[in-house]
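Everything below concerns the one structure shown next.
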Amino acid sequence: MNFLEEKIMNDGQVRPGAILKVDNFLNHQLDIDLLNKIGETFYQHFKDRGINKIITIEASGIAIACLSGIHFNVPVVFAKKSMSKNIDGSVYQTTVHSYTHGTDSHVIMSKKFLGPEDNVLIVDDFLANGKATQGLLEICEQAGARVSGIGIAIEKGFQDGGKYLRDKGFDVCSIAIVETMTDDGGITFREHEL
């Protein structure tokens with residue numbers, strides 16, 4: 001069992017409807033040491049890929065992306081879920097469906113922060129059906145940027161997002177892959193190498 005799987009077993013909660021609650025260390029209150037280990041793990045996996053930019057989507061992926069950015073020593077850019085007055089110029093845009101919230105979000109990224117010269121690592125906290133990641137892939141395609149890897153903290157292996165992305169040829173590094181969750185709190189992890 002790796003460090004993130006242990007943390008999930010000790011401090012996570014399984015909720016009905018295949019919801020894994022990790023808000024006390026990953027996506028509300030943040031365990032910085034844990035996030036640093038996640039960033040270091042992504043760095044060890046992708047360090048030879050020439051990554052020059054890390055991208056994620058607002059909001060829970062930002063902290064993981066920032067700690068990863070320290071290890072890679074590259075900028076982090078996040079796609080925003082709404083247009084604001086401080087975004088100048090043109091933007092890339094797409095629509096992303098959130099499994100957790102059951103809503104669609106119109107996400108944008110300023111064109112000045114992503115282009116054909118970029119070799120990207122996509123980072124996020126969860127991978128379920130893969131819609132957020134697919135949205136970021138679409139933005140990268142619009143920008144002409146190359147995606148050299150996808151770093152995920154927790155993948156729900158019983159949903160199809162990871163399989164879809166791997167079948168498309170992407171190198172997906174998921175630190176914890178949840179194989180099963182039961183409404184009574186049971187959880188098992190898929191054995192895999194990082």
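Annotations
- Test: Phe189 is of a type in the set (Phe, Trp, Tyr) and closer than 24 Å to Lys80 by Cβ: no
- The set of residues in the stretch 91-118 that are surrounded by fewer than 16 Cβ atoms within 10 Å (Cβ to Cβ) and at pLDDT 90 or above comprises Lys111, Lys112, Gly115, Pro116, Glu117.
- Pairs linking a residue in the stretch 96-125 that is over 25 Å from Asn52 (Cα atoms) and touching a residue at least 12 places away in the same chain (Cβ under 8 Å) to a residue that is surrounded by fewer than 20 Cβ atoms within 10 Å (Cβ to Cβ) and acidic (Asp, Glu), with Cβ atoms under 7 Å and 6 or more positions apart or on different chains, are His97/Asp104.
- Test result for Phe3, in contact (Cβ under 8 Å) with a residue 12 or more places away in the chain, crowded, with 19+ Cβ neighbours inside 10 Å and more than 15 Å from the chain's Cα centre (by Cα): no
- Residue list for the stretch 161-194, filter: of a type in the set (Gly, Ala, Ser) and either at pLDDT 95 or above or touching a Gly at 6+ places or on another chain (Cβ under 8 Å) (or both): Gly161, Gly162, Gly169, Ser174, Ala176
- The lone criterion from (1) part of a loop (DSSP other than H, G, I, E, B); (2) within 14 Å of the chain's Cα centre (by Cα) left unmet by Val96 is number (1).
- Residue list for the stretch 1-36, filter: part of a strand (DSSP E or B) and hydrophobic (A, V, I, L, M, F, W, C): Val14, Ile19, Leu20
- Asn52 fulfils the conditions (1) in contact (Cβ under 8 Å) with a residue 40 or more places away in the chain; (2) under 15 Å from Asp118 (Cα atoms); (3) surrounded by 20 or more Cβ atoms within 10 Å (Cβ to Cβ) except for a single criterion, (3).
- Residues of the stretch 99-147 classified as farther than 17 Å from Phe170 by Cβ and assigned to a strand (DSSP E or B), total: 9
The values are calculated or read from the model by the stated rules, or taken from the named source; none is laboratory data. Just so it is clear, the structure is predicted and the values come from calculations on it, not from any experiment. Every residue, glycine as well, gets a Cβ built from its backbone with ideal geometry; the counts of neighbours run over all protein chains shown.
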